[in-house]
Amino acid sequence: MALTLGPVAFVGLLGLSVGANPAALVGEGPGGTGPGTSRSGGSSAQSAGREGILAVVLPQGPPVWQRLVSVESSIAFLQDRLAQQETEIQQFALAAAAMPNSPAPAAAPEPAASDHLAQLIDSRDSTNQLYRTALRVEYSIYLDTARDQTEQQALLAAVEQEAASIRDAVDYDLNVAGTQVGQEAAIAAAQQKLQELTSLSATQLQQIKAGQPFMLPLAGTLTQPFGATDFGLEPPLVYHGVFYPHFHTGLDLAAPLDAPVRAAADGVVLLATSSVDSQGHYVGYGNYVLIAHPDGFATLYGHLDRIGVSAGQLVHQGDAIGLEGSTGWSTGPHVHFEIRHKGELLDPAPYLAPGQR
Ligand SMILES: [Zn+2]
């Protein structure tokens with residue numbers, strides 16, 4: 001879903017001054033190196049001020065809102081801390097570089113300096129670990145909430161009273177998580193149904209050849225590869241047990257609007273559908289097609305302008321299955337192409353025909 005568009009990335013309430021105790025998350029961090037343990041000079045006044053505010057502002061409302069406020073507060077605190085530690089590292093490195101390098105003085109200062117730098121870097125890395133943990137907790141709160149209608153209502157009711165910026169951020173993040181939950185549920189359900197597709201005769205099923213290697217579905221420019229990315233508009237994902245704040249789940253191929261999108265291999269159309277939010281707006285993959293292939297493989301084609309197939313239909317490699325578009329989280333015409341195997345997302349590149357990788 002590259003070129004994906006939304007108000008902002010999955011940033012939630014980052015940086016917004018909602019209260020709660022930043023220490024709430026420290027217990028989840030590695031080895032108890034909480035953000036408060038390695039304070040070096042210059043920051044204590046600022047921190048004290050912040051803690052003073054945090055002690056006064058306690059979250060009110062339903063538990064889901066309290067959890068969210070608490071984790072957002074941790075995130076904001078850790079972000080500040082990270083910025084502070086980066087500055088300290090830079091300043092120290094600059095100061096070290098500015099020192100006259102002529103007199104190799106007593107042996108003592110140099111190891112001390114490098115020790116100090118190593119400590120600064122260690123502290124920064126510890127904070128970064130905590131920060132990523134906090135982001136993962138935030139994401140799981142949104143996923144859990146998106147899966148539970150009652151929790152969702154409670155959260156939306158709680159943010160009713162908050163500033164518009166907070167409401168927008170929560171709405172946005174809930175929408176991202178809800179879209180992911182909905183799409184994955186639809187894909188999983190469709191794959192379950194594969195065995196039940198009765199419209200295909202045994203002969204037809206035999207016609208589905210392996211069809212590998214897969215071919216690219218669109219003659220276009222690769223605009224984004226598969227994998228973890230810094231691209232802020234990609235949503236978060238837990239991939240092979242690791243949390244990524246931004247992860248691109250397929251390949252993006254761009255070409256002029258309405259270019260034909262073709263089946264990457266022989267298969268059966270499992271889903272030919274649209275991802276829409278409660279207001280009927282396209283979200284996520286927009287119009288998309290999911291095709292099942294032999295041996296547990298499936299391919300997905302997102303952001304289509306038009307869908308040209310229907311569920312249960314047999315398709316052959318190279319058949320047009322729709323027209324390339326920009327529906328859902330997309331800023332311009334492209335196809336978002338995924339290859340999955342038994343539900344797991346794969347990096348498509350190794351499965352493509354040589355010359356297409
Ligand atoms: Zn994409």
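Can you name the residue in the range 219-268 that is assigned to a loop (DSSP other than H, G, I, E, B) and closer than 18 Å to Ala292 by Cα and is also nearest to the ligand (Cβ to nearest atom) among such residues? Can you show your working first?
Let us first name the residues in the range 219-268 that are assigned to a loop (DSSP other than H, G, I, E, B), namely 219-220, 225-226, 229-236, 240-241, 245-246, 249-250, 255-259, 263-266.
When the remaining residues are screened for being closer than 18 Å to Ala292 by Cα, the result is 249-250, 263-266.
On the way: Thr249: 7, Gly250: 5, Ala263: 18, Ala264: 15, Ala265: 19, Asp266: 24 Å.
Checking each candidate, the answer is Gly250.
Taking the stated definitions as given, is Pro294 out of contact with any strand residue (DSSP E or B) (no Cβ under 7 Å at 6 or more places or on another chain) and either not hydrophobic (A, V, I, L, M, F, W, C) or not assigned by TED's automatic domain parsing to the domain that holds Thr327 (or both)? Before the answer, list the steps.
Values: out of contact with any strand residue (DSSP E or B) (no Cβ under 7 Å at 6 or more places or on another chain): yes; either not hydrophobic (A, V, I, L, M, F, W, C) or not assigned by TED's automatic domain parsing to the domain that holds Thr327 (or both): yes.
When the stated conditions are applied, Pro294 passes them.
Can you confirm whether the range 277-292 contains a residue that is at pLDDT 95 or above and charged (D, E, K, R)?
So far as the range 277-292 goes, no, none of its residues is at pLDDT 95 or above and charged (D, E, K, R).
Would the range 153-168 turn up any residue that is under 19 Å from Leu345 (Cβ atoms) and surrounded by fewer than 20 Cβ atoms within 10 Å (Cβ to Cβ)?
The first filter runs over the range 153-168 and keeps only residues under 19 Å from Leu345 (Cβ atoms), leaving none.
The answer is no, given that none of the residues of the range 153-168 is under 19 Å from Leu345 (Cβ atoms) and surrounded by fewer than 20 Cβ atoms within 10 Å (Cβ to Cβ).
Mind checking whether some residue in the range 300-313 is in a loop (DSSP other than H, G, I, E, B) and either touching a helix residue (DSSP H, G or I) at 6+ places or on another chain (Cβ under 8 Å) or within 16 Å of the ligand (Cβ to nearest atom) (or both)? Spell out the reasoning first.
Filtering the range 300-313 for residues in a loop (DSSP other than H, G, I, E, B) gives 305, 308-313.
Adding the requirement that they be either touching a helix residue (DSSP H, G or I) at 6+ places or on another chain (Cβ under 8 Å) or within 16 Å of the ligand (Cβ to nearest atom) (or both) leaves 305, 311.
Within the range 300-313 (the criterion being in a loop (DSSP other than H, G, I, E, B) and either touching a helix residue (DSSP H, G or I) at 6+ places or on another chain (Cβ under 8 Å) or within 16 Å of the ligand (Cβ to nearest atom) (or both)), the answer is yes, since at least one residue qualifies.
Residue check, Gly211 against (1) assigned to a helix (DSSP H, G or I); (2) at pLDDT below 95, all met but one. Which one?
(1)
Within the range 228-238, how many residues turn out to be touching a strand residue (DSSP E or B) at 6+ places or on another chain (Cβ under 6 Å) and over 19 Å from Gly328 (Cα atoms)? Explain how you work it out, then say what you get.
Filtering the range 228-238 down to residues touching a strand residue (DSSP E or B) at 6+ places or on another chain (Cβ under 6 Å) leaves 228-229, 234, 237.
This time we only want the ones that are over 19 Å from Gly328 (Cα atoms), so: 228-229.
Within the range 228-238, residues that are touching a strand residue (DSSP E or B) at 6+ places or on another chain (Cβ under 6 Å) and over 19 Å from Gly328 (Cα atoms) number 2.
Within the range 330-338, is there a residue that is touching a Phe, Trp or Tyr at 6+ places or on another chain (Cβ under 7 Å), of a type in the set (S, T, N, Q) and closer than 24 Å to Asn175 by Cα? Steps first, answer last, please.
To start, the set of residues in the range 330-338 that are touching a Phe, Trp or Tyr at 6+ places or on another chain (Cβ under 7 Å) comprises 335-337.
Among the residues that remain, those that are also of a type in the set (S, T, N, Q) are: none.
Checked against the condition, which is being touching a Phe, Trp or Tyr at 6+ places or on another chain (Cβ under 7 Å), of a type in the set (S, T, N, Q) and closer than 24 Å to Asn175 by Cα, the range 330-338 yields no hits at all.
The values are calculated or read from the model by the stated rules, or taken from the named source; none is laboratory data. Just so you know, these numbers come straight off a predicted model, no measurement behind them. Cβ atoms come from the backbone with ideal geometry, glycine included; neighbour counts cover every protein chain shown.
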